[in-house]
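Notes to accompany the following structure.
The values are calculated or read from the model by the stated rules, or taken from the named source; none is laboratory data. Owing to the predicted nature of the structure, the values given are computational and were not obtained by experimental measurement. Every residue, glycine among them, receives a Cβ derived from its backbone with ideal geometry; neighbour counts consider all protein chains shown. Heads up: the accessible areas ignore ligands, DNA and RNA and are worked out on the full protein's heavy atoms, side chains in. Shrake-Rupley method; radii C 1.70, N 1.55, O 1.52, S 1.80 Å.
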Amino acid sequence: SVSVLKSKNTVRLDVGADFEKGFSLIENIAERILVKKFIQGIYQLAGRPINQAEIEKIINLIIPDTKARFIHRIHANAFRDRVKTFLPRIPITIDRADDAGLRIGLGWIQRSKNSGPEILGKEECLKYLNATVESLENDLCLKLKAFNKKAFLKFFLENYEISMWESEHWRRTSGAVLSLHQDKPATYKALAEKEFLLNGASLASRLLIEMGNCECAPEKAREVGKLEASRLMSQALMIAHLGGLSDGIRWDAVEPRLKITPLGDIHFNVEFFDKVMVPFAEKTNFERLEEEQQRYPKHFKPLEIRKSVEDAFEKDFIKAWEDEHKSTLDEMRLFLDCLEDRAIITKEPVFEARLSELCNLKSNKKSLPPEKVSEIVESIKSTPRPSWREVPQGFLDKDRQPWRFRRRLSVIRNPLIQINESDDPTFLVSPGLIRDGFNNNWVNFYHGSFPSQQAKSKRMKSWIGEANHKQRKIFNTKVADKVIELGWQAKSDINVTEILNKSTGDKNFGDVDVIAWNANSKRVLIIECKDLQFRKTAGEIAEQLSDFRGNVKEDGKPDLLKKHIDRIDYLTKHQANVAAYVGFSEKPLIEGHIVFKNPVPMKFAWSHLQKKVNLSIFNELEKNFKI
C-alpha cells in the first residue's frame, strides 16, 4: 500500500510478508509492482492525477522487460549455494599492480642485456621462453617452501570455491544484467571481463594447490596473506602464459620474434591473440551466456534427483568406468553426497579428514563399504611429490605443465588432496572441487575427449575410440538432416569410390561426410563435418589450427584440411561421374564446405582458404546453406 506525507515530502510503501514470494517467480513481477507503487506515490505527492498509461511508460524505462531484476530467490540446488555463507566474502583475484610488478626485469632473468633486446627464430625463441618459464617455476617453488602446507592449501581451496560460486552466480543472473543495461555489447564485454577475472582466480588457485602440496612446509611455517596471495597467483598465471606463448610459436601460430623492453617486459606479435584467441573467446563466452539464459527458469525449481544413473548411459561405458575407477557411477555419487553432507552439517566448505573418517561417512543413512571408499579415494587423490617439477613414473612432463589442458596431474583430474603419507593419511576435502572433477572426468571419458593413452583400463581405451567414431557418425547424420530440411537432397558417410562408381587407384580418398545437391542450381556440396574437442589454451588452439592449414605436414602426410581439399579436387576432375551419382544431366558446380559443431578458432583464421573451402558453424547453416 502507498501513503503520502506531503508535509515531509515522503512517499511511504508498506510491504506485506507475502511480497517476498514474488521473488520466487521466473518473471520479475514483484520488483515491477514495487516500482509501480512508488511512482504512484510520486504522482500523489506532486498532486497530479494518476495516469496509468503514463506510469506504464515510466516503468518500462526503468524495467524494460520481465528479465530485468535485482533479487533472485532461487533454489539452493548446488552444494556451493548451501555453504557460500561460510566461505570468504569475495574471492582474491589478481591485482593489476602485481601483474605489472612481476613483469619488471622478467625478460632479463635469462638473457644478458649485452645480447640485445631482440630474439629471432623459432629455435632461439623456444629456448629463451623455456628457460624463463623454468626460472619462474623454480622461483615460485622456492617461495612456497616458506608457507605451512595445510593452511596454504585450505586458503586456496576456499578461494577456488568462492571464485567458482561467483562465476556461477554471474552466469545465472546474466539475463537480468543484460536487461538492466541498454548498451548490450558493452554489457556482454563487462560480463566477459568479469568471467575472465574469476577464471584467472580459480585457475591460479588450482595451480598453487598442485604446487603447494609438493613444495610447502609440512608444519611450523607461516600462513599466506591476502596481499602476497595475489602476487603468487600472478606468477602462476605468468608461467601458464609464457608456456602457452612458447607452444604458439612451436605450432607456427605466433611469429618467432620476441623483444624485451628496457624495463624487462617480454613483447611479441599479438596478431594471433587479437585476431584468433580473443574473438574465439568472445564467441564462446557469448554462446555460453546465451545457453545460461535459456537455462534460467530451472533455477527456480528444486533439483530432480535420480536414484540411479546406470540407465542413463550405455552398458559399455558403465563397465569401462568401473574398470577405470574401481567404482560405479552411483557409488561415486554416494561418496560425493557423503562429503557434501559432512561439509554442510559442520559448516566447513573445506574440511580436514583422515582416510578412516572418510570410510565412515554417511548420507541419508546410506554408506559405502570402507574398502570401496578406499578404492574411490585411490582413484581421485592428489598425492604430494618430493618436488612439483618431478613427475611420477608413467607420466610425462606435460601432465603437470600449467599451460596444458586435460593434464593427468591436475587437481581437476585428482581433486582429493592428500597432504601426508601416514598409514591413515590426512586429506583436505573440498566437495565442490571434487564434484567439479567428477563431472570433468565422466564428461570427457564419455565423449572420448581424453586421449586414449590417458586411460588406464583396456575397456576405457576401447570406449574412447568407439565414442569418437560414434560422435562423428551422429554429427554427420545431424548435418545431413539439417541440409535436407533446408531444401537440399543429401546423404552421409559415402565413400568416394561409391560416388564415382569406380576405383581411385592406389590413393584412398576415404568417405565424404555429407554430399548434398540441388537439381535447380546444379550445385553439389562436398561437406566435411567436424565435432572437435574444445580447445582453451593458446598452445592447444595453435596446435588445432595447425591441422587445418591445408598443407602437407613435416612427416609427409596431409593435414586434416588438405585431405578434404584433395578429395574435392579429385571429385572435381571427375564431374561427369559425380553428375551421374546425383542424377544431373550436365556437369555440376562442385563446392567444398567444412561444418564445425561448435565455434572453433579456425573461424577467425580462415581468410587464406576461403576461395577453396567454405567454413560454417552448425547453428549458422540456415544462413550459409541457402539454395
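For the stretch 145-163, the condition of being in contact with a Gly (Cβ under 6 Å, 6 or more places away or on another chain), of a type in the set (A, V, I, L, M, F, W, C) and either in a helix (DSSP H, G or I) or over 23 Å from Glu27 (Cα atoms) (or both) holds for at least one residue. Of all the numbered requirements in (1) in a loop (DSSP other than H, G, I, E, B); (2) of a type outside the set (Gly, Ala, Ser); (3) more than 29 Å from the chain's Cα centre (by Cα); (4) buried (at least 18 other Cβ atoms within 10 Å of the Cβ), Lys67 misses one, and that requirement is (3). Within the stretch 558-588, the set of residues being among the hydroxyl-bearing types (Ser, Thr, Tyr) and surrounded by fewer than 18 Cβ atoms within 10 Å (Cβ to Cβ) comprises Tyr570, Thr572, Ser585. All of Glu219, Glu210 fail the test of being acidic (Asp, Glu) and either buried (at least 22 other Cβ atoms within 10 Å of the Cβ) or touching a strand residue (DSSP E or B) at 6+ places or on another chain (Cβ under 6 Å) (or both), apart from Glu210.
Contact map, the stretch 536-548: first residue in contact (Cβ under 8 Å) with a residue 40 or more places away in the chain and closer than 12 Å to Lys603 by Cβ, second residue open to solvent by 10 Å² or more (accessible area, probe 1.4 Å) and not hydrophobic (A, V, I, L, M, F, W, C), Cβ cut-off under 8 Å, separation 6 or more or different chains; pairs are Ile541/Arg535; Gln544/Arg535.
Residues in the stretch 258-290 that are of a type in the set (Val, Ile, Thr) and either open to solvent by less than 40 Å² (accessible area, probe 1.4 Å) or over 26 Å from the mean Cα position of the chain (by Cα) (or both): Ile260, Thr261, Ile266, Val276, Thr284. Only one of the numbered conditions (1) assigned to a helix (DSSP H, G or I); (2) crowded, with 21+ Cβ neighbours inside 10 Å is not met by Cys529, and that is (1).
Within the stretch 95-144, the set of residues being open to solvent by 90 Å² or more (accessible area, probe 1.4 Å), under 20 Å from Asp247 (Cα atoms) and in a helix (DSSP H, G or I) comprises Glu123, Glu124, Lys127. Being within 20 Å of Ile380 (Cβ to Cβ), over 27 Å from the mean Cα position of the chain (by Cα) and surrounded by 14 or more Cβ atoms within 10 Å (Cβ to Cβ) holds for only one residue in Ala353, Ala343, and it is Ala353. If you filter the stretch 214-251 down to residues that are acidic (Asp, Glu) and over 28 Å from Arg535 (Cβ atoms), you find that the one that is modelled with the lowest pLDDT is Glu219. Kindly provide the set of residues from the stretch 414-426 that are surrounded by 21 or more Cβ atoms within 10 Å (Cβ to Cβ) and assigned to a strand (DSSP E or B), ordered by number. The answer is Leu416, Ile417. Taking the stretch 291-303 as the range and being under 25 Å from the mean Cα position of the chain (by Cα) and either part of a loop (DSSP other than H, G, I, E, B) or loosely packed, with under 13 Cβ neighbours inside 10 Å (or both) as the test, the residues that pass are Glu291, Gln294, Arg295, Pro297, Leu303. Looking across the stretch 72-87 at every residue that is over 24 Å from the mean Cα position of the chain (by Cα) and either loosely packed, with under 15 Cβ neighbours inside 10 Å or of a type in the set (S, T, N, Q) (or both), the one that is nearest to Glu228 (Cα to Cα) is identified as Thr85. Considering only the stretch 105-113, I want to know if a residue exists there that is aromatic (Phe, Trp, Tyr) and either modelled with pLDDT under 95 or over 27 Å from the mean Cα position of the chain (by Cα) (or both). Scanning the stretch 105-113, I find at least one residue that is aromatic (Phe, Trp, Tyr) and either modelled with pLDDT under 95 or over 27 Å from the mean Cα position of the chain (by Cα) (or both), so the answer is yes. If I ask for residues that are farther than 19 Å from Ile239 by Cα and either part of a loop (DSSP other than H, G, I, E, B) or among the β-branched types (Val, Ile, Thr) (or both), which ones from the stretch 204-228 would you list? Passing the criteria: Pro218, Glu219, Lys220, Ala221, Glu223, Val224, Gly225.
Report, by residue number, each residue of the stretch 9-40 that is more than 22 Å from Ala68 (Cα to Cα) and either crowded, with 17+ Cβ neighbours inside 10 Å or in contact with a Leu (Cβ under 9 Å, 6 or more places away or on another chain) (or both).
To start, the set of residues in the stretch 9-40 that are more than 22 Å from Ala68 (Cα to Cα) comprises 9-12, 14, 16-17.
Result: Asn9, Thr10, Val11, Arg12.
Scanning the stretch 304-317 for residues that are of a type outside the set (Ser, Thr, Tyr) and surrounded by fewer than 19 Cβ atoms within 10 Å (Cβ to Cβ) turns up Glu304, Ile305, Arg306, Lys307, Val309, Glu310, Asp311, Ala312, Phe313, Glu314, Lys315, Asp316.
On the stretch given as the stretch 371-408, residues that are in contact (Cβ under 8 Å) with a residue 12 or more places away in the chain and part of a helix (DSSP H, G or I) total 9. Candidates Val512, Val552: the one that is open to solvent by 60 Å² or more (accessible area, probe 1.4 Å), among the β-branched types (Val, Ile, Thr) and without any contact (Cβ under 8 Å) to a residue 60 or more places away in the chain is Val552.
Of the helices (runs of 4 or more DSSP H) contained entirely in the stretch 428-509, those carrying at least 1 residues that are within 30 Å of Asn148 (Cα to Cα) and open to solvent by 10 Å² or more (accessible area, probe 1.4 Å) fall at 431-446. Whether any residue in the stretch 244-263 is more than 30 Å from Val133 (Cα to Cα), outside any loop (DSSP other than H, G, I, E, B), touching a His at 6+ places or on another chain (Cβ under 8 Å) and not β-branched (Val, Ile, Thr) is what I want to check. No, there is no match, as no residue in the stretch 244-263 is more than 30 Å from Val133 (Cα to Cα), outside any loop (DSSP other than H, G, I, E, B), touching a His at 6+ places or on another chain (Cβ under 8 Å) and not β-branched (Val, Ile, Thr). Against the list (1) under 20 Å from Ile434 (Cβ atoms); (2) among the aliphatic types (A, V, I, L, M); (3) open to solvent by 40 Å² or more (accessible area, probe 1.4 Å); (4) in a loop (DSSP other than H, G, I, E, B), the condition Val411 fails is (3). Screening the stretch 177-196 for residues that are open to solvent by 70 Å² or more (accessible area, probe 1.4 Å), of a type outside the set (Asp, Glu) and assigned to a helix (DSSP H, G or I) and picking the one that is nearest to Phe405 (Cα to Cα) gives Phe196.
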